[in-house]
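Here is the structure we will look at, set down as structure tokens.
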Amino acid sequence: MRKIHHRTWLFIFTTKVIKYLLLALFSFAMVCLVTPIFSGFEMIEILFNLVGQWFWRLGIIALCLMGSSVVVESLRN
């Protein structure tokens, strides 16, 4: 008989955070590809300065969430 794994709310929250973070990174990459066509290269520098700070912080938070959810899941089983 198969064992059914019930995931904790932390694991589900972590997967959603990582999913939306990767979606935001992909969207930002698409914006960086399209921006020079419309407004030039000065706008890309402004985007990197404004948005780059937040992506590093969100990435570190996502890594911490991943670590905590791995610890919680391993302690459950």
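So, in the stretch 30-51, how many residues would count as being exposed (fewer than 11 other Cβ atoms within 10 Å of the Cβ) and either at pLDDT 80 or above or assigned to a helix (DSSP H, G or I) (or both)? Before the answer, list the steps.
Taking the stretch 30-51 as the starting set, the residues that turn out to be exposed (fewer than 11 other Cβ atoms within 10 Å of the Cβ) are 30, 33-34, 37-38, 40-42, 45, 49-50.
Those left that are additionally either at pLDDT 80 or above or assigned to a helix (DSSP H, G or I) (or both): 30, 33-34, 37-38, 42, 45, 49-50.
Residues that pass the stated criteria total 9.
For residue 23, are the conditions met, namely being of a type outside the set (Asp, Glu) and within 14 Å of the chain's Cα centre (by Cα)? Walk me through how you get there before you give the answer.
Details: of a type outside the set (Asp, Glu): yes; within 14 Å of the chain's Cα centre (by Cα): yes.
Against the criterion (of a type outside the set (Asp, Glu) and within 14 Å of the chain's Cα centre (by Cα)), residue 23 qualifies.
Has the stretch 5-20 got at least one residue that is touching a residue at least 24 places away in the same chain (Cβ under 8 Å), surrounded by 10 or more Cβ atoms within 10 Å (Cβ to Cβ) and in a loop (DSSP other than H, G, I, E, B)? Yes: the stretch 5-20 contains one or more residues that are touching a residue at least 24 places away in the same chain (Cβ under 8 Å), surrounded by 10 or more Cβ atoms within 10 Å (Cβ to Cβ) and in a loop (DSSP other than H, G, I, E, B). Of the residues making up the stretch 60-77, those that are in a helix (DSSP H, G or I) and either loosely packed, with under 14 Cβ neighbours inside 10 Å or among the basic types (Lys, Arg) (or both) number 11. Which one of these is small (Gly, Ala, Ser) and free of Cβ contacts under 8 Å to residues at least 12 places away in the same chain: 29, 24? Just one listed residue meets the conditions, 29.
The values are calculated or read from the model by the stated rules, or taken from the named source; none is laboratory data. Quantities reported herein were computed from a predicted structural model and do not represent experimental measurements. Cβ atoms come from the backbone with ideal geometry, glycine included; neighbour counts cover every protein chain shown.
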